[in-house]
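Asker: If you scroll down you'll find the structure; I have some questions about it.
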Amino acid sequence: MANNKHIGALQKYEDIHFVDSTKPVWNYSILTEDDITRFQQGTHSTMYNLLGNKQFTVLDTPGTYFAVWAPNATQVSVIGNFNDWNNETHQLFVRLDSSGIWEGFIPNVLAGESYKYHIHGFQGLRLDKGDPYAHFWETRPLTASITWGTFYDWDDEQWMQTRKKHNDLKAPWSVYEVHLASWMRPDKNDEERYNTYAQITERMVPYVKEMGFTHVEFMPVNEHPFDGSWGYQGTGYFASTSRFGSPQDFAAMVEAFHKAGIGVIIDWVPSHFPYDSHGLFMFDGTHTYEYADMRKGYHPDWNSYIFNYARGEVKSFLISSAHFWCNRFHIDGLRVDAVSSMLRLDYSRNAGQWEPNEFGGNGNIEAISFIKDLNITLYRDFPDIQTIAEEATDWPKISRPIYDGGLGFGMKWMMGWMHDTLDYFKMDPIFRQFHQDKFAFSMMYFYDENFMLPLSHDEVVHGKSPMLYKMPGDEWQKFANLRLLYTYMFTHPGAKLLFMGDEFGQTSEWNYKSELPWELLKHVSHGGMKYCVQKLNELYRAEPALYEKQFEPGGFEWVDLNHRSDSVITYKRKGLNPEDDVLVVLNMTPIVRKDWPVHVQGKKEWSEIFNSNNIEFWGTGDVYNPTIPFEITDEESEWYKLSVQLPALSAIVLK
């Protein structure tokens with residue numbers, strides 16, 4: 001694994017320089033020929049060690065080394081507070097190897113200085129750009145980069161040494177998806193105020209621990225100019241957002257989660273970037289980071305621009321960004337956003353708006369190659385992490401090994417399960433009997449991929465309504481339906497993801513400008529929902545049958561799909577030890593089912609270990625199974641008929 005302790009001490013390259021100490025910028029380099037070759041080939045995964053700004057001492061003089069890739073520039077200067085933003089005084093030197101990299105050491109410019117690159121670009125354009133490799137940026141609406149490092153004296157060795165078992169595909173994955181700004185605010189009515197990373201840590205770590213989630217997933221934490229993009233249109237691919245503090249403050253938050261035994265996943269967006277003037281778009285006056293052909297380079301859905309995956313320097317930039325988060329910040333997983341849009345040339349485009357690849361197909365061959373190289377690199381250097389694809393089509397083998405023709409992700413979001421499940425639960429229960437096939441369809445294709453079941457932020461915005469109000473019926477039935485859905489989710493094979501606020505039944509759509517409606521927890525109904533999710537997490541982690549074979553055919557078995565008219569469904573989850581098997585019975589109607597028959601083989605003594613109708617969850621609590629009678633139906637082959645009590649709109653789990 002890459003060095004995770006010391007960051008930024010690069011004096012070992014000090015023999016590569018031509019210093020004239022009388023000049024405001026010294027001709028100094030820390031780049032080797034091998035670095036340039038790999039950068040241009042798209043195979044350099046640690047360019048964050050070389051480009052951007054680096055503070056160290058040259059000839060006993062402290063200062064900052066700057067390096068930026070601007071291949072179409074004719075002049076590049078560093079401007080900042082230190083020179084009153086004068087665009088002529090501190091000109092960088094262009095390397096003579098045709099790499100397009102401009103560099104130089106500016107003495108006595110220390111950490112904490114705001115700066116930009118003033119670029120004389122293609123056809124005489126003058127541009128002021130932030131540093132693509134900067135680790136710290138001014139807080140929006142300001143747009144300058146800041147000279148800063150990411151050194152942090154980590155104290156999470158115990159997690160790092162043992163995280164392989166936590167992040168393994170045979171381990172429980174219960175993910176709490178979070179938007180840092182709106183989880184909780186100092187003033188819920190003031191969108192301009194944020195909790196710091198330290199304040200978020202103080203509040204969120206014990207909450208996530210109490211709730212029993214195994215991982216948190218942060219919506220993009222990289223620097224981004226517009227709050228309304230939720231971070232998905234970023235300008236700082238090597239910088240945690242300054243909205244909440246410094247990179248060191250972010251590192252301390254990750255460390256606190258690790259010390260609490262909780263993994264950290266971040267959303268990472270290599271699919272597109274915005275057109276902000278200080279960002280990557282038209283970086284040196286022409287299409288440097290994006291495709292020049294707007295049939296490939298412009299994203300019509302998001303009014304943004306698509307990375308040129310055919311360009312080696314862009315591939316190195318993106319792979320280095322992913323590597324940076326895993327190395328410098330000990331991230332346990334990257335959820336890669338909008339993979340579908342990367343793979344398909346015709347994504348959101350009509351006929352005539354896209355051009356087929358060289359073989360006549362709709363696949364973006366360069367993007368496919370980039371994704372494979374990305375996963376090869378990350379799993380080579382960080383074998384204990386997972387990469388997770390947000391991919392919504394039927395593209396094959398997203399989470400299969402590259403040697404087997406796959407793309408090499410560890411997991412893929414199961415969007416089909418999400419859509420089918422929500423469509424089913426939105427129905428009036430009287431109609432569910434006619435749609436059981438849709439409900440059960442997920443297991444027809446489940447083993448095609450390593451799936452994560454997502455109930456994400458996308459399902460509670462833009463008029464889709466909060467989870468609670470997707471459910472039919474009166475207030476009690478809405479809560480009962482939601483508890484039933486969550487129990488189904490937690491007992492279905494695959495990893496789980498739940499967006500913040502869903503755990504207590506938020507009654508409004510998510511609003512990034514405010515905070516979660518925590519006041520709802522004063523109501524027993526919402527407090528009961530929260531406790532139900534807490535106990536489901538406890539159940540999931542405690543029962544090996546629910547995770548040991550969560551991606552294997554041997555981990556699931558339909559027991560009863562034959563009571564369609566009653567909308568009662570039974571299935572078994574199986575682990576490595578048959579003694580750990582659990583039975584799940586779902587009653588999808590508001591009708592209590594007394595003495596419901598469940599036929600099992602090999603085992604006659606079962607007990608109830610979870611009931612979504614528990615009175616502590618705001619259920620009725622009056623229909624449960626203190627004991628489960630059984631009859632022998634075939635003694636020779638050990639078939640038994642259990643007689644169970646099924647509460648209305650509820651699930652029970654038996655062991």
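The values are calculated or read from the model by the stated rules, or taken from the named source; none is laboratory data. All figures in this text were calculated on a predicted structure; none of them were measured in a lab. As a convention, Cβ positions derive from the backbone with ideal geometry for all residues, glycine included, and neighbour counts pool all protein chains shown.
Yes or no, residue by residue, for (1) out of contact with any strand residue (DSSP E or B) (no Cβ under 7 Å at 6 or more places or on another chain); (2) under 24 Å from W302 (Cα atoms):
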site: G228; (1), (2): yes, yes
site: G234; (1), (2): no, yes
site: F244; (1), (2): yes, no
site: F250; (1), (2): no, no
site: A256; (1), (2): yes, no
site: W268; (1), (2): no, yes
site: S271; (1), (2): yes, yes
site: P274; (1), (2): no, yes
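Asker: W476 passes all but one of (1) within 29 Å of W230 (Cα to Cα); (2) in a helix (DSSP H, G or I); (3) more than 20 Å from the chain's Cα centre (by Cα); which number fails?
Answerer: Answer for W476: the failing condition is (1).
Asker: Right, something else. Hey, any hits in the range 176-187 for a residue that's within 30 Å of E509 (Cβ to Cβ), part of a loop (DSSP other than H, G, I, E, B) and in contact with an Asp or Glu (Cβ under 6 Å, 6 or more places away or on another chain)? Talk me through it step by step, then tell me what you get.
Answerer: Pass one, the range 176-187, residues within 30 Å of E509 (Cβ to Cβ): 176-187.
Going one step further and asking which of them are part of a loop (DSSP other than H, G, I, E, B), we end up with 179, 184-187.
Adding the requirement that they be in contact with an Asp or Glu (Cβ under 6 Å, 6 or more places away or on another chain) leaves 184-185.
Yes, there is a match, as at least one residue in the range 176-187 is within 30 Å of E509 (Cβ to Cβ), part of a loop (DSSP other than H, G, I, E, B) and in contact with an Asp or Glu (Cβ under 6 Å, 6 or more places away or on another chain).
Asker: Can you tell me which of (1) part of a strand (DSSP E or B); (2) over 24 Å from K513 (Cα atoms) is the one E255 doesn't meet?
Answerer: (1)
Table: residues versus (1) in a loop (DSSP other than H, G, I, E, B); (2) among the acidic types (D, E); (3) under 15 Å from L646 (Cα atoms); (4) in the same structural domain as G505 (by TED's automatic domain parsing).
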| position | (1), (2), (3), (4) |
| --- | --- |
| Y571 | no, no, yes, no |
| E579 | no, yes, no, no |
| L583 | no, no, yes, no |
| W596 | no, no, yes, no |
| V600 | no, no, no, no |
| E605 | yes, yes, no, no |
| I609 | no, no, yes, no |
| E616 | no, yes, no, no |
| T620 | yes, no, yes, no |
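Asker: Here is a check on your reading of the model: is T150 under 23 Å from Y65 (Cα atoms), out of contact with any strand residue (DSSP E or B) (no Cβ under 7 Å at 6 or more places or on another chain) and of a type in the set (V, I, T)?
Answerer: Working: under 23 Å from Y65 (Cα atoms): yes; out of contact with any strand residue (DSSP E or B) (no Cβ under 7 Å at 6 or more places or on another chain): yes; of a type in the set (V, I, T): yes.
Answer is yes for this residue.
Asker: For L520, all conditions in the list (1) of a type outside the set (D, E, K, R); (2) under 15 Å from M211 (Cα atoms); (3) in a helix (DSSP H, G or I) hold save one; what is the number of the exception?
Answerer: The number of the failed condition is (2).
Asker: Another question, if that's okay. Would you be able to tell me the number of residues in the range 416-465 that are modelled with pLDDT of 95 or more, assigned to a helix (DSSP H, G or I) and aliphatic (A, V, I, L, M)?
Answerer: Selection size over the range 416-465: 4.
Asker: I've got another one for you. If you go through the range 338-359, how many residues are polar (S, T, N, Q) and either exposed (fewer than 13 other Cβ atoms within 10 Å of the Cβ) or touching a Cys at 6+ places or on another chain (Cβ under 9 Å) (or both)? Give the derivation first.
Answerer: Residues of the range 338-359 that are polar (S, T, N, Q), as a first pass: 340-341, 348, 350, 353, 357.
Next, from what is left, pick out any that are either exposed (fewer than 13 other Cβ atoms within 10 Å of the Cβ) or touching a Cys at 6+ places or on another chain (Cβ under 9 Å) (or both): 350.
Counting residues in the range 338-359 that are polar (S, T, N, Q) and either exposed (fewer than 13 other Cβ atoms within 10 Å of the Cβ) or touching a Cys at 6+ places or on another chain (Cβ under 9 Å) (or both) gives 1.
Asker: Also, I was wondering about something else. Among the aromatic types (F, W, Y), under 23 Å from the mean Cα position of the chain (by Cα) and over 23 Å from W85 (Cβ atoms), is that true of W159?
Answerer: The answer is yes for W159.
Asker: State the number of residues belonging to the range 104-132 that are surrounded by fewer than 24 Cβ atoms within 10 Å (Cβ to Cβ) and charged (D, E, K, R).
Answerer: Total satisfying the criteria: 4.
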